[in-house]
Amino acid sequence: ERERERERASAMRSVRGQVVQAPKVKPHFRSHFRIHSGIKYEQQQQVQQRMIQKEGRGEGDNDERFESWEGKIGKLACCLACTAALSLGSFSDEALASSILETRRAELEVANAALEKDPKDEIVLAQKTVLETQIRNFESNSSFLSKERPLVAEGRANFLQHAVLEVKDLDKSVKFWTDGLGMRVNRSRGTGKSRQAFVSYGPESLTADNGGKFALELIENPNASQDNSGQYFQFALPNSLRVNRLFNAGGEITFGYGYFEIDAPDGYKVKVYIDNRRDPFDLIGVYVDDVNSAATYYENVFGMKADRSYVKQKVGQFDPPRPEGGVLMTYGDQKDNTGILLIPKKGQKQSIKIAVLDKDVFERKDKLAALGVEPKFVGPVPGIGTKVALVVPDDGVPLVFVDYDDFEKEQPEPTVLSIKDEVKAFVAMAQDDEN
């Protein structure tokens, strides 16, 4: 980030003390830049102008003063990028035992106390910025889950929870989703060639302050040969995508004007744009033969809500276009929940399943029977014990209803990195990018 700021600052060097403003960048290149750098172009310009005014630059300033505010810009840019990249928080096996909100509030108290002694400590100021951002996000997320969790536990609502993908090489796949797209391995199962890993943008559990995040269950199958182009995964990332890391992690960028279309390992399709959501996992696009018939089935059988106006809503020039004729299916508000976007396209079949949290899968079986629908499987998953009910529609992606209590029992104990460790991890990533 500092190197980029030095390059940009060189375009603003003065002639006889008069600042020459760098030329404006075309909007679509601005979009690319903020994806590359992790902070918005406009934010950088504002920071630069404030620093120029603060240093009194404009009449006879020398290069020493120029370098002094240039260095500050680099630190501020790093802070802004760090705030965006760490806004979701981290979770790790090496961590503190208390909840993430308790930990962050305690760390903020320590940071405020340190700033009372030294108000200009830039490292502590950066930590405070990250802490305040995380606390706001976690409080909002915790408030959402405190309402959603009892509804799911009591059987008054369902929750779209994860997608099941077959992959040939688990290590290669995990590298793409984690190093390339910033997800984390939340839990794993199996050994040898029957391994599984769950990756997500935070804890899956509905009991964690920063939990309730949609996951991908990656199941290793070296003999997998299915066509994986019958669906795509769409993410809204908060200014934290790194193109070089995405490429080095095995992603192939097929489109990059404002938003990205990416080919993932095993032929899975991905779309990424810049936005802030409770959960960055926006939706799964699913191709179906008959959208209206499929949407009606998902409404009547699965109890989902159909938003037929979703694709008609205007989107920004840097957001993925919404496919004509599509219908968005969700459990609850789209801004807080991952959705399934049904898209008309004949002849495409899905290669994934989607898991839904449910109070009791045997009650679900009875409800389905009343509708004339017979699940393909109901009962405990062999070797795991979690109770599920698999329903395969004639047109659309299969849903797996998962017993909520069993799901929570599978979740690892929530753990939290300290803010110092998070910043260290971010700095190490930035250094690796620079190298």
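The values are calculated or read from the model by the stated rules, or taken from the named source; none is laboratory data. Since we're looking at a predicted model, the values are computed, not measured. Backbone-built Cβ (ideal geometry, glycine too); neighbour counts: all protein chains shown. Surface accessibility is based on the protein's heavy atoms, side chains included, excluding ligands, DNA and RNA. Shrake-Rupley method; radii C 1.70, N 1.55, O 1.52, S 1.80 Å.
Brief remarks follow.
- Long-range neighbours under 8 Å by Cβ, at least six apart or interchain, first residue without any contact (Cβ under 8 Å) to a residue 40 or more places away in the chain within region 349-373, second open to solvent by less than 30 Å² (accessible area, probe 1.4 Å) and acidic (D, E): R364/D358
- When residues in region 409-429 are screened for being open to solvent by less than 40 Å² (accessible area, probe 1.4 Å), assigned to a helix (DSSP H, G or I) and out of contact with any Asp or Glu (no Cβ under 7 Å at 6 or more places or on another chain), 3 of them pass.
- Inspection of region 204-218 identifies at least one residue that is assigned to a strand (DSSP E or B), open to solvent by 10 Å² or more (accessible area, probe 1.4 Å) and in contact with a His (Cβ under 7 Å, 6 or more places away or on another chain).
- Filtered residues of region 218-243 (kept if over 26 Å from L328 (Cα atoms) and more than 18 Å from the chain's Cα centre (by Cα)): I219, E220, N221, P222, N223, A224, S225
- In region 132-143, of all residues being open to solvent by 30 Å² or more (accessible area, probe 1.4 Å) and not charged (D, E, K, R), the one that is farthest from D405 (Cα to Cα) corresponds to N137.
- Selected residue (criterion: surrounded by the most Cβ atoms within 10 Å (Cβ to Cβ)) from residues of region 358-378 that are in a helix (DSSP H, G or I) and of a type in the set (A, V, I, L, M, F, W, C): V361
- Here region 333-349 is the region considered, the condition is being more than 19 Å from the chain's Cα centre (by Cα) and not charged (D, E, K, R), and the residue that is nearest to M304 (Cα to Cα) is L342.
- Of the candidates D366, D358, the single residue that is of a type in the set (D, E), over 19 Å from the mean Cα position of the chain (by Cα) and within 23 Å of K147 (Cα to Cα) is D358.
- Residue in region 255-265 that is nearest to F318 (Cα to Cα), counting only those that are open to solvent by 20 Å² or more (accessible area, probe 1.4 Å) and either at pLDDT 95 or above or in contact with a Cys (Cβ under 9 Å, 6 or more places away or on another chain) (or both): E261
- Among the residues of region 174-194, those that are under 19 Å from M429 (Cβ atoms) and open to solvent by 50 Å² or more (accessible area, probe 1.4 Å) comprise K175, D179, R184, V185.
- Restricting the first member to region 121-134 and to residues that are free of Cβ contacts under 8 Å to residues at least 60 places away in the same chain, and the second to residues that are in a helix (DSSP H, G or I) and open to solvent by 60 Å² or more (accessible area, probe 1.4 Å), the beta-carbon pairs closer than 6 Å and six or more apart or on different chains are E122/K75.
- Selection from region 266-300 of residues that are open to solvent by 10 Å² or more (accessible area, probe 1.4 Å), farther than 26 Å from L170 by Cα and out of contact with any Ser or Thr (no Cβ under 9 Å at 6 or more places or on another chain): D275, R277, D289, D290, V291, N292, S293, T296, Y297, E299, N300
- Selected residue (only one of V381, V392 is surrounded by fewer than 17 Cβ atoms within 10 Å (Cβ to Cβ), touching a Pro at 6+ places or on another chain (Cβ under 8 Å) and either at pLDDT 85 or above or within 24 Å of V291 (Cβ to Cβ) (or both)): V392
- Residue count for region 113-124 under the criterion of being open to solvent by less than 70 Å² (accessible area, probe 1.4 Å) and part of a helix (DSSP H, G or I): the result is 4.
- Flag: R149 does not match the condition of being free of Cβ contacts under 8 Å to residues at least 12 places away in the same chain and either out of contact with any helix residue (DSSP H, G or I) (no Cβ under 6 Å at 6 or more places or on another chain) or at positive phi (or both).
- Some residue of region 238-250 being over 29 Å from I343 (Cα atoms), touching a Pro at 6+ places or on another chain (Cβ under 8 Å), touching a residue at least 40 places away in the same chain (Cβ under 8 Å) and not in a loop (DSSP other than H, G, I, E, B): no
- Considering only residues in region 150-173 that are open to solvent by less than 70 Å² (accessible area, probe 1.4 Å) and in a helix (DSSP H, G or I), the one that is nearest to R245 (Cα to Cα) turns out to be S173.
- Where a residue in region 321-332 is in contact (Cβ under 8 Å) with a residue 24 or more places away in the chain and its partner, wherever it lies, is assigned to a loop (DSSP other than H, G, I, E, B) and surrounded by fewer than 18 Cβ atoms within 10 Å (Cβ to Cβ), with Cβ under 6 Å and at least six apart: V327/R308
- Lone qualifier among G316, G332, G325, G303 - being more than 27 Å from N221 (Cβ to Cβ), open to solvent by 50 Å² or more (accessible area, probe 1.4 Å) and assigned to a loop (DSSP other than H, G, I, E, B): G303
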